[in-house]
Amino acid sequence: MAALSAGRVVVRGGADLVKNRPVFSSDSKYVFVASGYTVKVFNVASGDCVRQLRGHDGEVTGVVVNPQNKLQVFTSSTDGTINQWDYMDSVLLKTLYVRSPIHGLFAHPAIPDYLFATTFDEKSDKKSRLKLVKIAIPKMAGTCVDVQDKFLLGNVLAGDKGIAFGVGGEFIATVKGNTLKILFMEDLSLKKLSPDKTPLTCVACHPVDYCIAVGDEKGRISIWRNFHKKERRALEHWHSLRVEDLCYSPEGSVLYSVGHECTLVEWQHESLQKKFLPRQGAPINHVTCSPNSQQRALSLMTNAILIQSHQKTTQTVQGLVHTNFNRRREGYLPTGLVIDPHTRALVTNGMVGQLQFYQLEEDRLLFSLDITGENYISPADLGHPLMHTEVEKVTFDLRGEWMATVERRDDKQTSPEMRLKFWQFDKLKQSFVLNTVISEPHTGRISCLSFRPSSSSVSHDMYEPMAVTAGDDGKFKLWALANDDDSHSKNRSWGCDSVGFFREDMPRCACFSSDGSLLVVAFGHVVTIWDPDVNVLKKTLCHGTKDHLIEHMAFGHGSASHCLVSASSSVLNVWSLLTCSVIWRVNMKVSVLAADTESEFVAVFDKSGNLFVFHPLEPKLVYSKQDLPTPHIISAVFIPKTREDTSAARRSDLLPWETHSHLYFVTKCLMLATVTSQVDQQRANRADLEERLPPTPFAMLLNNQQRKVDKEGEGVRMQDLPASANMREMLQSPAHILPPVKSLCATFLQGLLNPGAKALQRRDEVDTDESDAESDKESDSEESDMETETAVRGHMTQSKDTGNSTDQSEHHVRSGDQYANEALSEADYRRLEKVSRSGLKWMRKVFQETY
């Protein structure tokens, strides 16, 4: 039995990928993305996450390439440390302790001995004020080093939008409020520019020219020149909303600007002529260019990063989609977390009017399903966003054949719009197809949507799906599948089967029992039990006083299928529907309630950020986790495990309540997390990283060749591989006496081809010897079975004939064996060599192009 509080909370997805600017590697092959407590390394060509740099205990706030070593990066965090990484091997080389939370990290190639960071200013009266400091990169050995910072500038912005380095690192430009500050590094003199009262949002410096570009809240871009003496300002205005980010290309010929218009604007440096790349799908938060000027990275506010090349998007890095463009909608996730039975994907709100199907195992977006058919439109004022039709409810039946959604739009000015939609899974398209649209299913907002589970005794052909909705109009409705009125049509659509209500109370939540035989609807503080087949009230249960309005309900499963868990804002009750009495109760402020469909366990999150797991039949905790990273839990769901995961969980037996399912929950900042045992975490950490890395052509060639040798001849030893000797000779010989690599290509490839042919020849020889032995045995058997007619003559005649036959057989075998060897060494070997050479033309091309 696991300990009551064993296990740890692990973030599985949903980390913000766009809070910080993505950073390209020096060779432009990788892009570094800060994601929560880790840094993800994505391959630019494939878009796959090939490495993860884990070593911080706080949120990562900055990533920069080491100015002294292009194969290393520095990462900063709010835990007050700066880590130095060898990102090619995911090795933590050194940790620098700054002893103060870091909110931004910067470096410049012209200043290779220093790092620049933004930290809290302890001397300031305002606790939130930040300062820019300079940190010397230590040259001393050791993995943990304490460093001292030197003050440069006070009152700066957090993040990477408000600080930029000028040409050659001669000056640093920062923006805060309506002021542009320019710090000259030679004498640390400071110059301030405040043309008007418009707040500034971002800054970028030209890489080879004395020029500074600044964006503001009104969507204007100010180009500052000659700021050493009498400054000159050029003003450009295209963006209708604030400028989110600015970035110069490495050679400085182009300035990129982005914002809420979902458009990338390209400004020519000299003429300031504009080019546009519109319809990027969402507001853009960051833009950055690769060192080779061939790629760009756009960070969308939907938690996506677009890798673009030649005005086209080549790869998309998509995390858990964020819909809270406006900070007033933080924690907005009306559908909660739902599991798709077909793909085992997590389903929740995505883009405006869409549902996202998120693959938890790979932490990536599987696909999005458009529900409302509306596109995102930028508002005229960020303080008053446009009202779009939002998906508020979604649910699936346990068979995965049907999905139901509720969408609603209410701008408080026109009549509200609401639609209930039923979707059927199409096996050919492997997606859900719209079946029925019901306008205004209730006169008020729908508070609950659920499908009726099917009993295990009901066959697939006899299964009749049913759904229930509960609305603010004081009624709940049962929806059933029926035939169309058209007698010639074979299609079936959904319609209202019956309507129920209880007094004049408002239904707050509803759920079916695990076998679908009972429907429970909560009206205020009263639990009502109904027969869904005839919609007849069977029993009423009183949860508590009228102040205890029921907000959550869930049935148990398995041995606890007769138990009902109901929770109000202060009391949790567990009922037995066999006796219609309370088994036990506890005072608890419940915020989220989730029941596992694969076991008897139920999970509860209270409003203080504590997790409790219990069995409904016993008033004892199976598991508890105090003080979660955040107390604001929005939704939770149990996701069934695969058979392999279930068997592994039974072997570890550390968290028995997660043997059949994993509990996932989402926080207010849309961080997806789970509780896992230490064994499961170690198993995940032991995953082979090389399986996710694209293998090199040389490694693929050697691996394929070795597999051929092992398959064709199990008795072939490693010393029979000439490629090993050739490889050893090439590596051990001094480099100055070796001929050009180009001249060694043919010999090396020839050495790789020979073992397969030799192994094939050896196998044929062994097969021939075995056939000879079998022939001898058969002939001996025939001789022993023959009957002798005479004592002397008959025996001598038979022996003479048998001897002649044996001699002919041996001569025939020797001729066939010799012919097989000759054919293999000439025709078959040439054919094998020809096919192998044609398949290795790419390898020869690599040698010739590289050397």
- Check the range 502-517 and report whether any residue there is over 23 Å from residue 443 (Cα atoms), at pLDDT 95 or above and of a type outside the set (S, T, N, Q). yes
- residue 297, sole failed condition from (1) part of a loop (DSSP other than H, G, I, E, B); (2) touching a residue at least 60 places away in the same chain (Cβ under 8 Å); (3) within 22 Å of residue 321 (Cα to Cα): (1)
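Quick check on residue 382: is it crowded, with 19+ Cβ neighbours inside 10 Å and either assigned to a strand (DSSP E or B) or not assigned by TED's automatic domain parsing to the domain that holds residue 217 (or both)?
Numbers: crowded, with 19+ Cβ neighbours inside 10 Å: no; either assigned to a strand (DSSP E or B) or not assigned by TED's automatic domain parsing to the domain that holds residue 217 (or both): yes.
Criteria not met by residue 382.
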- Message: Looking only at the range 623-645, filter to residues that are in contact with a His (Cβ under 8 Å, 6 or more places away or on another chain) and modelled with pLDDT of 90 or more; which one of those is surrounded by the most Cβ atoms within 10 Å (Cβ to Cβ)?
- Response: 638
- Consider residue 455 carefully, then state whether it is surrounded by fewer than 20 Cβ atoms within 10 Å (Cβ to Cβ), touching a residue at least 24 places away in the same chain (Cβ under 8 Å) and under 28 Å from the mean Cα position of the chain (by Cα). no
- Task: Would you check if there is a residue in the range 270-291 being outside any loop (DSSP other than H, G, I, E, B), more than 24 Å from residue 354 (Cα to Cα) and among the acidic types (Asp, Glu)?
- Result: no
- For the range 434-444, indicate whether the set of residues that are without any contact (Cβ under 8 Å) to a residue 40 or more places away in the chain, more than 19 Å from residue 348 (Cα to Cα), among the β-branched types (Val, Ile, Thr) and assigned to a loop (DSSP other than H, G, I, E, B) is non-empty. yes
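Under the condition of being surrounded by fewer than 21 Cβ atoms within 10 Å (Cβ to Cβ) and either over 16 Å from the mean Cα position of the chain (by Cα) or within 17 Å of residue 667 (Cα to Cα) (or both), which residue from the range 341-350 is modelled with the highest pLDDT? Can you show your working first?
Here is the first cut: in the range 341-350, the ones surrounded by fewer than 21 Cβ atoms within 10 Å (Cβ to Cβ) are 341-345.
Narrowing further to those that are either over 16 Å from the mean Cα position of the chain (by Cα) or within 17 Å of residue 667 (Cα to Cα) (or both): 341-342.
Working: 341: 91, 342: 88.
If we take residues in the range 341-350 being surrounded by fewer than 21 Cβ atoms within 10 Å (Cβ to Cβ) and either over 16 Å from the mean Cα position of the chain (by Cα) or within 17 Å of residue 667 (Cα to Cα) (or both), then 341 is modelled with the highest pLDDT.
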- Query: How about the range 420-450: which of its residues are under 31 Å from the mean Cα position of the chain (by Cα) and basic (Lys, Arg)?
  - Reply: 421, 427, 429
- Residues in the range 271-287: is at least one without any contact (Cβ under 8 Å) to a residue 40 or more places away in the chain and within 24 Å of residue 391 (Cα to Cα)? yes
- Task: Could you please let me know if residue 617 is surrounded by fewer than 16 Cβ atoms within 10 Å (Cβ to Cβ), modelled with pLDDT under 95 and hydrophobic (A, V, I, L, M, F, W, C)?
- Result: no
- Task: Go through the residues of the range 97-110 one by one and say whether even a single one is under 24 Å from residue 163 (Cα atoms), touching a helix residue (DSSP H, G or I) at 6+ places or on another chain (Cβ under 8 Å) and surrounded by 17 or more Cβ atoms within 10 Å (Cβ to Cβ).
- Result: yes
- Taking residue 138 as meeting all but one of (1) more than 35 Å from the chain's Cα centre (by Cα); (2) in a strand (DSSP E or B), write down the number of the exception. (2)
- Query: Would you pick out the residues in the range 590-632 that are on the phi > 0 side of the Ramachandran plot and in contact (Cβ under 8 Å) with a residue 24 or more places away in the chain?
  - Reply: 609
- Query: Can you tell me which residues in the range 205-223 are out of contact with any Ser or Thr (no Cβ under 9 Å at 6 or more places or on another chain) and closer than 17 Å to residue 169 by Cα?
  - Reply: 205, 206, 208, 209, 210, 211
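Per-residue answers, yes or no, for (1) among the small types (Gly, Ala, Ser); (2) crowded, with 18+ Cβ neighbours inside 10 Å; (3) at pLDDT 95 or above:
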| position | (1), (2), (3) |
| --- | --- |
| 174 | no, yes, yes |
| 185 | no, yes, no |
| 192 | no, no, no |
| 201 | no, yes, yes |
| 204 | yes, yes, yes |
| 210 | no, no, no |
| 220 | no, yes, yes |
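The values are calculated or read from the model by the stated rules, or taken from the named source; none is laboratory data. Given the structure is predicted, the values throughout are model-derived calculations rather than measurements. All Cβ positions, glycine included, derive from the backbone under ideal geometry; neighbour counts span all protein chains shown.
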